[in-house]
Structures are given as structure tokens and as C-alpha cells.
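The values are calculated or read from the model by the stated rules, or taken from the named source; none is laboratory data. Only a predicted model underlies this, so the values are computations on that prediction, with no experimental measurement involved. Using ideal geometry, Cβ is built from the backbone for each residue, glycine included, and neighbour counts are taken over all protein chains shown. Heavy atoms of the whole protein, side chains included, go into the accessibility calculation; ligands, DNA and RNA do not. Shrake-Rupley method; radii C 1.70, N 1.55, O 1.52, S 1.80 Å.
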Amino acid sequence: FFGCLFVLLCTRMAEDKILALREWFNGPPPEEEYDDARAGLERMLMRAKAMASHNLILPLVYYVQNVERDPANDYRPTKGNNPAAVAAADAAVALLVDACSLVNVHLEDAGWEATDPGQTAGSMVYKHQASGLQTENPDLPDDTWEMQLLFQIPRIITGTSFPDDPKSCCYTARVVHLSPEALEIRIPSDLTALPPNDAARMVAVIDVIERDEYDEEEQGPVTKTMRGLIHGPWQGLFHEPLGKFDPLEPPGRDLHEWSSVTMAGMALLATRGRQGQPKVLLLGVGA
């Protein structure tokens, strides 16, 4: 009982923190007034990038994915969800949409127009008005990893399903585990990078769906999920983890460096709260 009560209180506190963060994100600073709408958009973009650099995107994604969703009902939350968890998820979705919409404003200024849904869930096809080029990955005016992460938000939070399991909601990147420091939501004290001491305490385990254009064993394209260990702020779908492995691959099928094996074991141990008590055997040879 007390465990359930603790989880409920934490979830309700998360909603309050998300709402406070959204109010900070959307509201002008008290000491200044905007001369025009463009200045306001630039300030909001700086705040959105600060949310990325302070690793605030990842816990928001976690709360979005922390509810069960029904693919047959437009991926809406199922009736069995905790109401507090649904409220936190809705608040997180609203803030993430606010943040990523700023990227589209800058893409429009650069001549890019969203025309059709892309092949990946949540992606869009963009057409450049001058050249006629069409792509799902247009050149961003500010090609920093923070801007790339903001651009990827729709892909990250949009649910999808696969033919072999049509009733389950899947994500291009699913947050499996966050350390308490990585899960914390707080308003950035400034718009600079996250202090190194705070980043050092942030650990995450993330499953990312990867697609190989050609697999020799399968004789064609193959899609698989890779589980990776992230240390510090997550930089998006193309962030190279400290170590990664395929959780569905039979043990011993491939040989890896001892460092990769160790990181994979740490990632598995970090998920034991959701998956029971996994037994991990690590074998390594080397100096």
C-alpha cells in the first residue's frame, strides 16, 4: 500500500513540475518585455535548447511512455492507467510539442515546408521551396545536437505497432530506465550547458529501433532493437551509447569487447525493477 502511495505522490509531483517547467518555457522573463514576436520566438528557442542540454527532454519522454496506450484507439491511454500518470503524460506531451514546434518555424524561414507523413512514425517529408528537394531530414539552420534532438521529438513520442504484435505500442526510442538524477525535472537556472557534476550523475538505459539496409544472414533489410547505456544528457536517436546490445539476441551468439559486455550487463541490471531479478553472467578475456 505504502509503495503504491509513494508512486502516486511522485507521479502527481511530476505533473506539477512539468506544468511549472512549461510555464517557465512559455512565459517572458519578468525583467524584460519583448519588442516583437520574433524576439519572443528566439528566446523560447534558447529555452528549448536549454531543456535539451540540461537533459530535460528525456524525463518528459519517460512520462509520455509511462502509460499503456491502445494502437486500435489512436494510441490513446487505456482505461486501466493511473489517472495521475495520464495527467503527467498529457502535460509532458504539451510541453514537448511546444518545444519542437519552434524548429518548424525556423525550417519554414529557411524555405522548408512539411508536405506529407514520412515512413517513420512521427516523421514528416519536407520540401524545399527553391530547390524542390524532398527529404525527411532537412538541413537545420542551427545544426547542433540540441536542435537535432528537438527536431526528433515527434519521432520519439509517436507510438507505432508492428504486424507481429499489433496490440502493443512501440516507440522508436523507449526509455527503459533513468537514474534519479536523470529523472529529475527542474527549471534551468540559466541557459548555458549543464554543469559537469550534474551530468556525471545522469544514467539512462534506452531501447532504440535500428534498421539495417542489408543483413547478410537475413538476406535483406532487418529492423532490430538495440539497448544502450547513456551517461550524461541524451543527444537523440543518433547518440552513440557507451555500450549496446540486442536484448533478444541469444547469449554467446556474437563476441564483443569486454567493455561492451560490461556495459550491456549494467544496462540489464538497471532494468531489474521492471523485469524482476535478472541473472547476469559476464565472461571476459583480456588484460
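Near Gly118, the amide H atoms lying under 5 Å from its own belong to Ser123, Met124, Val125; only residues 5 or more places off or on other chains count, and H is placed 1.01 Å from N. Values of log10 I(q)/I(0) for the range 37-92 across q = 0.13, 0.17, 0.30 Å⁻¹ run -0.47, -0.66, -1.10, by the Debye formula with one identical scatterer at each alpha carbon and no solvent. For the range 110-251, the per residue solvent-accessible surface stands at 56 Å², with DNA, RNA and ligands left out and a 1.4 Å probe. Taking a sphere under 15 Å around the Cβ of Gln134 and counting the other residues whose Cβ falls inside, with K and R at +1 and D and E at -1, yields a net charge of -3. The translational diffusion coefficient of the range 145-196, from Stokes-Einstein at 4 °C and 1.567 mPa s with a Kirkwood hydrodynamic radius over alpha carbon pairs, comes to 92 µm²/s.
Among Met124, Met46, the sequence by solvent-accessible area, most first, with a 1.4 Å probe is Met46, Met124.
The accessible-area ordering, largest first, of the residues Glu113, Glu108, Glu15 stands as Glu108, Glu113, Glu15, per a 1.4 angstrom probe. Based on C-alpha pairs under 8 angstrom that are at least 6 apart in sequence, the range 150-210 has a relative contact order of 37 percent.
The label point for Met226 and the one for Ser168, both projected 7 Å from the Cα toward the Cβ, are 2.0 nm apart. Volume per residue for the range 64-173 equals 104 cubic angstrom (convex hull of Cα atoms).
Whenever you get a sec, compute what percent of the accessible area on the range 123-208 sits on carbon and sulfur atoms (1.4 Å probe). Provide the component values of the computation, followed by the final result.
Values: 2320 of 4360 Å².
Within the range 123-208, the accessible surface is 53 percent carbon and sulfur.
Amide H contacts of Val176: Val205, Ile206, Asp207, each under 5 Å away and 5 or more positions distant or on a separate chain (H built 1.01 Å from N in the peptide plane; Pro and chain starts excluded).
Can you check what the net charge comes to around Pro59, using other residues whose Cβ is under 12 Å from the Cβ of Pro59 (Lys, Arg +1; Asp, Glu -1)? Display every interim value, and only then the final one.
Working: positive: Lys17, Arg186; negative: Glu181, Glu184.
Local net charge: 0.
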